[in-house]
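Worksheet for the structure shown next.
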Amino acid sequence: MAPAATPEHDRHDHHDEHDEDGHRGPATLVVDGVPYAVDVTLVGHFEPLDGRYHWYGRVAAHDALHAALGGKKHAARITTPTGTADGELSDVDPWGRYRLAGTSTPPFAVGSAGVISAGVVSTVGAL
């Protein structure tokens, strides 16, 4: 189910456009014990209303992953060069990209805006 075109907003480098932490690039996604080499775009932020770090993004279209999931929600473990986390795959967009989201410790390094310790994120200098 590989789409012919990539959404225009994915063709641009958005690095440093926002104050969010994140990862854009290769990752390994494990679903039901099966590893998939994928490309992801992930961002995250500390949510003061619930006191947790929320991370989310998209997995680039991947035929084998789509064949395994059939467009349905599913738990997954993602590993990037800087971390591993559990999340949920859901919401396939028109380009065949699954949404991937999780809370608490993200699968990427968090910059100076937040500090993660034992699955809890606090904002440095917050009142």
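The values are calculated or read from the model by the stated rules, or taken from the named source; none is laboratory data. Everything numeric in this text was worked out from a predicted model, so none of it was measured. Heads up, the Cβs are rebuilt from the backbone with ideal geometry, glycines too, and the neighbour counts pull from every protein chain shown.
Looking for whichever is modelled with pLDDT of 95 or more, among the hydrophobic types (A, V, I, L, M, F, W, C), farther than 17 Å from T28 by Cβ and not in a strand (DSSP E or B) here; the options are V110, V92. Which one fits?
V92
Name every residue in region 37-79 that is within 12 Å of S90 (Cα to Cα) and touching a Ser or Thr at 6+ places or on another chain (Cβ under 6 Å), in order of residue number.
Residues satisfying the conditions are G57, R58, K73.
Looking at region 35-64 only, could you name the residues that are of a type in the set (A, V, I, L, M, F, W, C) and within 16 Å of G87 (Cβ to Cβ)?
Taking region 35-64 as the starting set, the residues that turn out to be of a type in the set (A, V, I, L, M, F, W, C) are 37-38, 40, 42-43, 46, 49, 55, 59-61, 64.
Within region 35-64, V38, V40, L42, V43, W55, V59, A60 meet the criteria.
Considering (1) part of a strand (DSSP E or B); (2) surrounded by fewer than 19 Cβ atoms within 10 Å (Cβ to Cβ); (3) at pLDDT 95 or above; (4) more than 10 Å from the chain's Cα centre (by Cα), say which one R99 fails and leave the rest.
Looking at each condition in turn, R99 falls short on (4).
As an exercise: evaluate G44 against (1) over 10 Å from the mean Cα position of the chain (by Cα); (2) surrounded by 14 or more Cβ atoms within 10 Å (Cβ to Cβ); (3) at pLDDT 95 or above; (4) of a type outside the set (K, R) and give the number of the one condition it does not meet.
(1)
Identify all residues within region 53-74 that are charged (D, E, K, R) and loosely packed, with under 14 Cβ neighbours inside 10 Å; write none if there are none.
D63, K72, K73
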